[in-house]
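Enquirer: Below is one structure. I have some questions about it.
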Amino acid sequence: MTAAANTGFSTDWLRQREPFDLAARSQSLATGFQGALRSQAGGALRIVDLASGSGANFRALAPLLGTDQEWRLVDHDPLLLAAQRTEITKWASGHGWHCHDHKGALAIHAGPARWLVRGQQLDLASDLEDIDLASCDGLVTTAFLDLVSAAWLDRLSALLARTRRPLLATLTVDGRRTWFPGRPADHLLADAFLAHQGGDKGFGPSLGVRATPYLAASLATAGYQNSTQASDWHIGHEHRDMLLGMAKEAAAVAAEADPSSEPAVSSWLADRSTDICQGLLSLQVGHLDLLAVPIR
């Protein structure tokens, strides 16, 4: 979820978005990833999670994969790496699963399955190639690819081409953001969001909404079979805190992108705040999931 501290994602934000991520993920692509892993794995499945944040990818996928697993959660942010153990332990305890330390890793006993989780601090902008994909069975990442550049995705594609490991990249923003009901100033916010997506997030000029099709095309050239599915957030009127947070973020981005639009943006935010208070507002945020499996 974040690879470098300058992306600015907090544990609180990751915790707030996690239920929406879980509801949005493509179950069929996750099942396809499971099948690709089992076709080549012997013993515990070994998964690397790029830009792992507080460990949401592990929490979403480990129960689906079911069997013994070993996860390496890679992130640059030491605060998020420190939060992983707390967040995963709390989640596991909620399911009645026992956790304990195992040689510096967190071991979780989920019924007959044993899951081992270890964090790794790494600057993915400069040190992507330091990840030993040859020693794992599959690669995952979530809410991350829209932050990186075409050059960085070329490096990722080259790494996958060499190691022939399946990839599941979930919840990459695709540019669709629709407020219900619509208002005339929505286009100002949408244009500012798209411009912001193309900024440098520490990996060079971000591809933003073009990231998923770009990586899919690159991997197809490298001998991968790719599938994509929509994984949209649906934020209903009952989720007032989330809606208000999204509206405030959109307004801040728009005002920063074009200071002259500040009066129109402020008016828009005031109207949206009223919509939220009256239980009228909902929001759909477009994402794409990508499953890439090497063709044997």
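Computed from the coordinates by the stated procedures, all read-outs in this text should not be read as laboratory data. In this text the structure is predicted, and so the values were computed from the model without any measurement. A quick note on method: Cβ atoms are made from the backbone with ideal geometry, for glycine too, and the neighbour counts reach across all protein chains shown.
Enquirer: What percent does the relative contact order of segment 165-296 come to when contacts are Cα pairs within less than 8 Å and at least six residues apart?
Expert: Averaging sequence separation for qualifying contacts and normalising by length gives 49 percent for segment 165-296.
Enquirer: Relative contact order for the chain: what percent, with Cα pairs under 8 Å and sequence separation of 6 or more?
Expert: 22
Enquirer: Here's something else I'd like to know. Which whole-percent values make up P(r) of segment 138-296 when all C-alpha to C-alpha distances are grouped in 10 Å steps starting at zero?
Expert: Once binned at 10 Å, the Cα pair distances of segment 138-296 give 11, 35, 29, 17, 8, 1.
Enquirer: Please state the shape class of segment 214-267: rounded when a/c is under 1.5, otherwise prolate if a/b exceeds b/c and oblate if not, all from the C-alpha gyration tensor. The partial results should precede the final answer.
Expert: Numbers: a/c = 5.62, a/b = 1.86, b/c = 3.02.
Oblate shape, in that a/c is at least 1.5 and b/c is the bigger or equal ratio.
Enquirer: Indicate the gyration tensor shape class of segment 64-180 (rounded, prolate or oblate), computed on the Cα atoms with a ≥ b ≥ c the square roots of the eigenvalues: a/c under 1.5 is rounded; otherwise a/b larger than b/c is prolate and the rest oblate.
Expert: Numbers: a/c = 1.81, a/b = 1.40, b/c = 1.29.
Prolate shape, in that a/c is at least 1.5 and a/b is the bigger ratio.
Enquirer: Here's another thing I want to ask about it. State whether segment 1-143 is rounded, prolate or oblate according to the following rule on the C-alpha gyration tensor (a ≥ b ≥ c being the square roots of its eigenvalues): a/c under 1.5 gives rounded; otherwise a/b larger than b/c gives prolate, and the remaining case gives oblate.
Expert: Rounded.
Enquirer: So, one more: Local charge sum around LEU64 (other residues, Cβ-Cβ under 13 Å, Lys/Arg +1, Asp/Glu -1)?
Expert: Around LEU64, the charge tally is +3.
Enquirer: What's the angle, to the nearest 10 degrees (0 to 90), between helix 262-277's Cα axis and the longest principal axis of the chain?
Expert: Orientation of helix 262-277: about 70 degrees from the principal axis.
Enquirer: Right, next: So what's the net charge close to GLN120: Lys and Arg +1, Asp and Glu -1, counting the other residues with Cβ under 15 Å from its Cβ?
Expert: Every neighbour counted, the sum reads -4.
Enquirer: How big is the chain by Rg and Dmax over its Cα atoms, in Å?
Expert: 19.5, 60
Enquirer: How high is the FRET efficiency between ASP132 and GLU256 when r is their beta carbon distance and R₀ equals 45 Å, given to the nearest 0.05?
Expert: FRET efficiency, ASP132 to GLU256: 0.70.
Enquirer: Could you grab the relative contact order for segment 59-203? Cα pairs under 8 Å, six or more apart, rounded to a whole percent.
Expert: Value for segment 59-203: 21 percent.
Enquirer: What order, most packed first, do the peptides 158-166, 280-288 have when packing is the mean number of other Cβ atoms within 10 Å of each residue?
Expert: Result, highest mean first: 280-288, 158-166.
Enquirer: Could the peptides 102-109, 191-198 be put in order, highest first, of the mean number of other beta-carbon atoms found within 10 Å of their residues? Kindly include the intermediate steps, with their values, before the conclusion.
Expert: On the way: 102-109: 14.9, 191-198: 17.1.
Those peptides, ordered most packed to least, come out 191-198, 102-109.
Enquirer: Could you derive backbone 3J(HN,Hα) for segment 248-259 from the dihedral phi with the Karplus parameters 6.51, -1.76 and 1.60 (θ = phi - 60°), listing whole Hz in sequence and x where the residue is Gly or Pro?
Expert: The phi angles translate into 5, 4, 4, 5, 5, 5, 5, 5, 5, 5, 9, x Hz.
Enquirer: Across the Cα atoms of segment 207-296, what radius of gyration and what greatest pairwise Cα-Cα distance (Dmax) are found, in Å?
Expert: 18.4, 57
Enquirer: Which value does Rg/Rh take for segment 13-70 over its C-alpha atoms, Rh per Kirkwood?
Expert: 0.98
Enquirer: Using only the Cα atoms of segment 129-204, each taken as one equal point scatterer with no solvent, compute I(q) by the Debye sum, divide by I(0), and report log10 of the ratio at q = 0.21, 0.23, 0.25 Å⁻¹.
Expert: -0.99, -1.11, -1.22
Enquirer: Have a look at the DSSP beta bridges in the chain and tell me what percent are antiparallel, nearest 5.
Expert: Antiparallel bridges: around 60 percent, rounded to the nearest 5.
Enquirer: Continuing with this model, one more query. Given a Förster distance of 22 Å, report the FRET efficiency between LEU194 and LEU244 from their Cβ-Cβ distance, rounded to the nearest 0.05. List each step's numbers first, then the result.
Expert: Details: r = 22 Å, r/R0 = 1.00.
After rounding to 0.05, the efficiency reads 0.50.
Enquirer: Given the Cα-Cα distance of HIS100 and ALA161 and 0.36 nm per residue of separation, how much length would full extension add, in nm?
Expert: Going from the current span to full extension adds 18.3 nm.
Enquirer: Hey, if you put +1 on the Cβ of every Lys and Arg and -1 on every Asp and Glu Cβ in the chain, which of ALA30, GLN120, ALA217 ends up farthest toward the positive end of that dipole?
Expert: ALA30
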